[in-house]
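Have a look at the structure below, then the notes.
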Amino acid sequence: MQGDTAKHGGPEKAVHHYPHEHYAEWAQDIGQHPLLSSPGAFGENLSTAGLTENDVAIGDVFRLGSAIVEVSQGRQPCWRLNERFGRKTMARDVQSSGRTGWYYRVLQPGNVEPRNGLTLVERSTPEWSIARIWRIFYIDPFNRDELAGIAALDRLASSWRDYAARRLQSGRIEDWAKRLEGHEAAGD
């Protein structure tokens, strides 16, 4: 179930993948939390070991059960994580950590069962990892060459390409307060 169908779900966010190895890192960062005892704490539909934001790139195509899915964008965490974890900075912490997970679009519907393997089928833009895009958006936000590359990345969800193009045009970092904290920043 999606809490906000205007911002969650849709063709570019059909499946949310969150790496299971991040759970141990979160336990070190925030301590043991009941949500960290099983997958699903971050709202993911899929959790695996062995793939992280460093390993997965935009346009990677995977077979999952009999379905075929393609990496479409990274995740921008929202304030709902704050409520879920009972920590007012959880969404911001997820964004700052780079442990965000990513989304898939479905290229071929199919049946998926627990323990189905996830097999890489095609890799069109291995240089555009989720981690690289995260670094550009949040660590090096005014790197014009990198933003132009993101804006031209055809397998990336159009909303993310538009996001890069707007930043290139405006020269401004977006206000993240509403997404991360659930309200507008002061003065907005």
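Read the figures in this text as sums done on the coordinates, not as results from a lab. From a predicted model like this one, the values you see are computed outputs, not experimental measurements. Glycine gets a Cβ as well: all are built from the backbone with ideal geometry, and neighbour counts include every protein chain shown.
So here's what we get for this one:
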| quantity | calculated |
| --- | --- |
| Computed label-point distance, nm, for sites THR125 and GLU181 using a 7 Å Cα→Cβ extension | 3.3 |
| Top of ARG99, ARG84, ARG155 by mean-square fluctuation, Gaussian network on the chain, Cα under 10 Å | ARG84 |
| Enclosed volume per residue, in Å³, of the convex hull spanned by Cα atoms of region 38-124 | 102 |
| Theoretical FRET efficiency, 1/(1+(r/R0)^6), r = Cβ-Cβ of GLU83 and ARG166, R0 35 Å, to 0.05 | 0.80 |
| Answer label for log10 I(q)/I(0) by the Debye sum over Cα atoms at q = 0.09, 0.13, 0.16 Å⁻¹ (calculated), chosen among (1) -0.32, -0.69, -1.07; (2) -0.48, -0.77, -1.03; (3) -0.39, -0.73, -0.98 | (1) |
| Length released on extending from SER96 to ASN143, taking residue separation times 0.36 nm less the Cα-Cα span | 15.1 nm |
| Signed unit charges on C-beta, dipole axis of region 71-188, positive-most listed residue TRP128, ASN111, SER97 | ASN111 |
| Gaussian network model of the chain, Cα within-10 Å springs - most flexible of TYR138, TYR104, TYR18 | TYR138 |
| Mean projected area in nm² (Cα convex hull; one quarter of hull surface) for region 77-127 | 5.8 |
| Peptide ranges 141-148, 89-96, 68-75 listed from the most packed, as the mean C-beta count within 10 angstrom indicates | 68-75, 89-96, 141-148 |
| Percentage relative contact order, region 47-159, counting C-alpha pairs under 8 Å, at least six apart | 38 |
| Among 113-119, 49-55, the order from most to least packed when residues are scored by Cβ within 10 Å on average | 49-55, 113-119 |
| Farthest positive-ward along the chain dipole, Cα basis, beta-carbon charges - from PRO34, ILE139, LEU153 | PRO34 |
